[in-house]
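Working notes for the structure below.
Every number here is computed from the coordinates shown, using simple stated rules; none is lab data. A quick note: this is a predicted structure, and the numbers were derived from the prediction, not measured. Ideal geometry is used to build each Cβ from the backbone, glycine not excepted, and the neighbour counts take in all protein chains shown.
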Amino acid sequence: MRLENKVAIVTGSARGLGRVFALRLAKEGARLTICDVHDCKPVAQEIEALGGEVLALKTDVTSEKDTAAMAQETFDRFGRIDILVNNAGVIGTIEVKDFVKPVEEIVSADWDRILAVNIKGVFLCCKAVIPYMKKQGSGKIVNLASTTAFTGLPEFIHYSTSKGGVVTMTRGLATALGEFNINVNAVAPGLIMTEAMQSAFSGEYSEWVVGKQLLKKSIEPEDIAGAVLFLASDEADMITGQTLAVNGGEYLH
């Protein structure tokens, strides 16, 4: 197993992509902390059914107190932190009528919420785990960006701006942490029709995006999980500061 004896934290893992990531890492032997503002216990039960070891926490990634506790409780339980997957993010939980709109109609509350979770949340989770990774002399951080970081879709510029910030933060962290043998990379998915995406976009829009891809098929959560697993594994030991686009060739990066 590719992650045997590794300890991983996956944020936003109560559902959607985070659940898929957690299950995939567990199948590869990782001991897991799963955390979310929603109830993670059902996912924890799935992991335990696979024979995995898991700690489920309620964590608000925008809270410095919560993220510090997330790291401390993980270390107390497992004795180390090898992997952080920064998956927690906001998109589909905002109603479509409040989300997809011209720039001049975006309200500051939506802007603040998107950036608080998608930028501040990533920063706080990294800040929380870095001291443990530095002390042990190794670590893998995988941040979830988005193809919108490169294309800058105007109808939800707050979201694409936040994911552009994740790409920039990934490069900055990789530069700062390389001397401590800590790898920091990002995965930039194309459009995946998770529950959150289905609440934000129509089926017609999904078909239009697939039509633009070089590979004419839908991107599935497991496709993204494979990229996350690779960057979290020893196979990616010499990869850092990079953003891997998993988008079926919609955008060539």
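Histogrammed with a bin width of 5 Å, the alpha carbon distances of the chain distribute as 1, 7, 14, 19, 21, 17, 12, 7, 3, 1, 0 percent, first bin at zero.
Here is what passes the span test in the chain: the DSSP H helices with alpha carbon length of 24 Å or more along the helix axis and a Kyte-Doolittle mean of 0.0 or above are 157-177. Once both labels are positioned 7 Å from their Cα atoms along Cα-to-Cβ, the gap between Ser108 and Gln72 label points is 3.4 nm.
When Val107, Val20 are arranged by Cβ crowding within 10 Å, least crowded first, meaning fewest neighbours, the order is Val107, Val20. For the chain, the relative contact order comes to 19 percent (Cα pairs under 8 Å, sequence separation of at least 6).
Taking the number of Cβ atoms within 10 Å of each Cβ as an exposure proxy, the fewest-first ranking of Ile130, Ile106 is Ile106, Ile130. Exposure proxy for Phe156, Phe180, Phe123: other Cβ atoms within 10 Å of each Cβ, ordered fewest to most, give Phe180, Phe123, Phe156.
In a simple Cβ point-charge model (Lys, Arg +1; Asp, Glu -1; nothing else charged), the chain has a dipole of about 500 debye relative to its Cα centre.
Taking amide H positions as modeled 1.01 Å from N, with prolines and chain starts lacking one, the residues under 5 Å from Ile9 and 5 or more places away or on another chain are Thr33, Ile83, Leu84, Val85.
Which Cα, out of Val7, Thr147, Leu244, lies furthest along the positive dipole direction of the chain (beta carbon charges, K/R +1, D/E -1)? Of the options given, the answer is Val7.
Computed from phi, the 3J(HN,Hα) profile of segment 82-88 under the Karplus parametrisation 6.51, -1.76, 1.60 (θ = phi - 60°) reads 9, 9, 10, 10, 8, 9, 4 Hz, with x in place of Gly and Pro.
In summary, the lysines within cross-link reach of Lys65, defined as a Cα separation below 23 angstrom excluding same-chain residues under 8 places away, comprise Lys41, Lys120, Lys127, Lys134, Lys135, Lys140. Using 0.36 nm per residue and subtracting the Cα-Cα separation, the extra length available between Lys127 and Glu204 on full extension is 23.7 nm.
Which log10 I(q)/I(0) values does segment 1-123 give at q = 0.10, 0.21 Å⁻¹ under the Debye formula, counting every alpha carbon as one identical point scatterer? The Cα Debye sum returns log10 ratios of -0.33, -1.11. Protection proxy ranking for 11-18, 33-40, using the average of other Cβ atoms within 10 Å per residue and placing the highest first: 11-18, 33-40.
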